[in-house]
Structure formats: structure tokens, C-alpha cells
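Notes follow once the structure below has been shown.
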Amino acid sequence: MLTGKTKLLGVIGHPIGHTLSPRMHNAAFAADGADYAYVAMDVTPGRLPAAVEGISALGFVGFNVTMPHKEAMLPLVDELDEAARLAGAVNTVVVGEGGKLRGLNTDGSGFVEACAEAGVSLLGRRVLILGAGGAASAIAVAVLEEGVSRLCLVNRTIEKAERLRERLSGFVDGTKVLVRSLDEIGEAAAESEVLINATYLGMKEGDPFPFPAASVTTEKVVCDAVYCAGRETALILHAREDGACTVSGGRMLLYQGVQAQRVWTGREPNVGVMSDALA
Ligand code: NAP
């Protein structure tokens, strides 16, 4: 039940009607009797600065940022965490004293927590990320922090992968990060132990498969950032059938939310209830 003291949280994006975040967060608050409410707010790109100022003025405790605002949010915060700066994208904002905004990125660390849940350690592994946008960048920063031995970036627009490698080179030994073109994805996948799809491929039924089917084998860990309400992606289903270990976009979504809630509330979120709300 909402009270006169209910603390406000939410997500801004455009469009936003499809978001699962209100369901996930509010289920946990209701189960634990925590006096918070989380709402979805449709904000068009031209109104982003005004909306952010309004959210801060209204006394929200924090908010999530989703497509298409994750990059545009960077100059609108007062402080930027290192992971968000390196990823070039903000997905979580904490509103502090006097409306001061701190920008974080929990997409990458949420991905790592989803790997840990699946029993996957990234330390010393050879990792391939397909994609070079916001999700790929956040995951790249997080897996490098976990100590992968090699990170191969593959993207349709190779210049974007090269720009991402440049951003990462100040953070890790540059020789650890390689860029390969989409034509080389078969070899790049064969040389990697962990395959991560961080493109849009798989969002729509009938989309082309992100990796050559032959490269998805029992020995691989196969991960998808893409999530679809009510079903697994074709990549995750195929990988499971082949006996590969998998980490789905749904688990990444869950743990990016768990980490945001931890920061906003300072308490341990009810992960089981959040997971059930997404199922
Ligand atoms: P983004 O910044 O727009 O990047 C999109 C990426 O997908 C780019 O690398 C783009 O390549 C690539 N791409 C798009 N269409 C493609 C195609 N037909 N063939 C090959 N590559 C293609 O988007 P994003 O924010 O990173 O999101 C990517 C996916 O991750 C989305 O499905 C999103 O919902 C998901 N995501 C999930 C979570 C989660 O919690 N599970 C969190 C964040 C994002 P170019 O550079 O060549 O255009």
C-alpha cells in the first residue's frame, strides 16, 4: 500500500510499455513490506533533460534508464561511476542529497552475477562479445574486471568495436582485447570459451542466429543479453539442447535490477520474488 512516506523509484525510456522492471521491483517491495513504489515513465529524447530535472525535484530516490537514453544520460549526472564511464552508458541513477545525481551501470555487473548463479567463473577465460553498443560495452568492462584472459569484440560495424577497444585500452592491458570482423566470427567463436550475444539478434522470432550454429558446442558457455517475455531466445534453446552451459538475458535483467535495488535501498533485495515476477 502506498503511504505518505512511500519512496519513489522508476524507469525512463521510450517506448516503455513493454518494461518488466515495475513488476519485478514492486513484487519484491510488496513481499517484504518495504515502502517503495516503482513506476514506468515514457520520456521522449527531446524531453530527457527536463524529465531528469523533474524526477530529481520530485524527490525520487533513484531511477533506471533504458533505451534510447543510456548514453544521453552521461552528461546529465553530477557523478559518474567508473563502470558507467568506461561503458559509455548509464542504466541506474541514485538521487542523493540536494538532488545530486550519481550515474551507475549495473548491466555488466548484473551479467557477471548471472554468470555466478550459473556456476560460471570468468577468471582466465577466453571471451567473445558480439555487439559494440551499450550492453556489449557494459559487459566488456565487467568481464575484464573479472580477469578474463582475452576478450574478442565482433561487431557488424567494425569501427564501433574498434572505438570500444580504444576506450577499454586505458583500463586494461590493450593486448587482451582483440577486434574481429563479422566475417571472422566462426574462427573467433571457435577460439573462445564464452560466447555472448549483445546485439538485437533474437529479439524477433525468425531472426538470424547470432553465432554459426556449429560453434555452439557442449564445451562452450553461451550467453544472451537479449530477453523475450515468456520465452527463451533461439540461441539459449539451441545451446541448452547441445548441452552447453547457458546464461540467459532474463537472468542478466534480474541481476541488473537486484544490484540497482541494493544501491537504492541499502537492503538485500528479495531475489526469489523478483525472479518469480519475471517468469
Ligand atoms: P545498442 O546500443 O543499440 O547496440 C545494438 C548492437 O546490436 C550494435 O552492436 C549493433 O551493431 C548490433 N546489431 C543490431 N542489429 C544487428 C543485426 N541485424 N546484425 C548484427 N548486429 C546487429 O543496443 P543495446 O542497448 O546494446 O542492446 C542490445 C540488446 O541487449 C537488446 O536486445 C537489449 O534489449 C539487450 N539488453 C539486455 C539487458 C538485460 O538486462 N538482459 C540489458 C541491456 C540490454 P551495429 O553497431 O553494426 O549497428
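Could you compute how fast the range 183-263 diffuses translationally, taking Rh as the Kirkwood radius over C-alpha pairs and applying Stokes-Einstein at 4 °C with viscosity 1.567 mPa s? Give it in µm² per second.
For these conditions, the coefficient is 98 µm²/s.
Relative to the present Cα-Cα distance, how much length would full extension add between residue 182 and residue 268 at 0.36 nm per residue of separation?
26.9 nm
Students often check this: by mean Cβ neighbours within 10 Å, which of 38-45, 149-156, 256-263 ranks highest, and how do the rest follow?
Highest mean packing first, the order is 256-263, 149-156, 38-45.
For the chain, what does -39500 (n - 2.57) per DSSP helix run (n ≥ 4), summed and divided by total residues, give at 222 nm, in deg cm²/dmol to the nearest 500?
Here the helix-only value at 222 nm equals -11000 deg cm²/dmol.
Taking every DSSP beta bridge with both residues inside the range 108-247, roughly what % is antiparallel (nearest 5)?
5
Report the calculated FRET efficiency for residue 116 and residue 218 (r = Cβ-Cβ distance, R0 = 22 Å), to the nearest 0.05.
Calculated transfer efficiency: 0.55.
Nearest-5 percent of antiparallel DSSP beta bridges in the chain?
Here the antiparallel bridges make up roughly 20 percent for the chain.
How much accessible area per residue does the chain have, in Å², with a 1.4 Å probe?
For the chain, the per-residue accessible area is 44 Å².
Taking every DSSP beta bridge that has both residues in the range 1-126, what percent is antiparallel when rounded to the nearest 5?
Bridges in the range 1-126 are about 35 percent antiparallel.
When only C-alpha pairs under 8 Å and at least 6 residues apart count, what is the relative contact order of the chain, in percent?
17 percent.
With viscosity set to 1.306 mPa s at 10 °C, what whole-number translational diffusion coefficient in µm²/s follows for the chain from Stokes-Einstein and a Kirkwood radius over Cα pairs?
83
Run the accessible area of the chain with a 1.4 Å probe and give the carbon-and-sulfur part as a rounded percent.
Ligands and nucleic acids excluded, carbon and sulfur give 53 percent.
Assuming R0 = 41 Å, what is the FRET efficiency of residue 6 and residue 47, from their Cβ-Cβ distance, to the nearest 0.05?
0.95
Relative to the present Cα-Cα distance, how much length would full extension add between residue 276 and residue 35 at 0.36 nm per residue of separation?
84.7 nm
So how do 138-146, 94-102, 20-28 stack up, highest first, on mean other-Cβ count within 10 Å?
Put in order of decreasing packing, that is 138-146, 20-28, 94-102.
Post the alpha-carbon centroid distance, the range 116-133 to the range 173-201, in whole angstrom.
11
Where the convex hull is taken over the Cα atoms of the range 173-220, what is its projected area averaged over directions, in nm²?
4.2
Helix 107-117 versus the longest principal axis of the chain: what angle, 0 to 90°, nearest 10, using Cα atoms?
Helix 107-117 sits roughly 70 degrees off the main axis of the chain.
Return the distance in nm (one decimal) between the two label points of a simple spin-label model at residue 205 and residue 237, each offset 7 Å from Cα along Cα→Cβ.
0.8
Give the dimensionless ratio obtained when the Cα radius of gyration of the range 108-249 is divided by 2.2 N^0.38 Å.
Rounded to two decimals, the normalised Rg is 0.95.
Mind pulling the per residue volume of the convex hull built on the Cα atoms of the range 1-66? Å³ is fine.
Taking the convex hull of the Cα positions in the range 1-66, it is 76 Å³ per residue.
The values are calculated or read from the model by the stated rules, or taken from the named source; none is laboratory data. The shown structure was predicted, so the numbers you read here are calculated from the model rather than taken from an experiment. Virtual Cβ from ideal backbone geometry, glycine too; neighbours counted across all protein chains shown. Quick note on the areas: whole protein, heavy atoms, side chains included, nothing else; ligands and nucleic acids left out. Shrake-Rupley method; radii C 1.70, N 1.55, O 1.52, S 1.80 Å.
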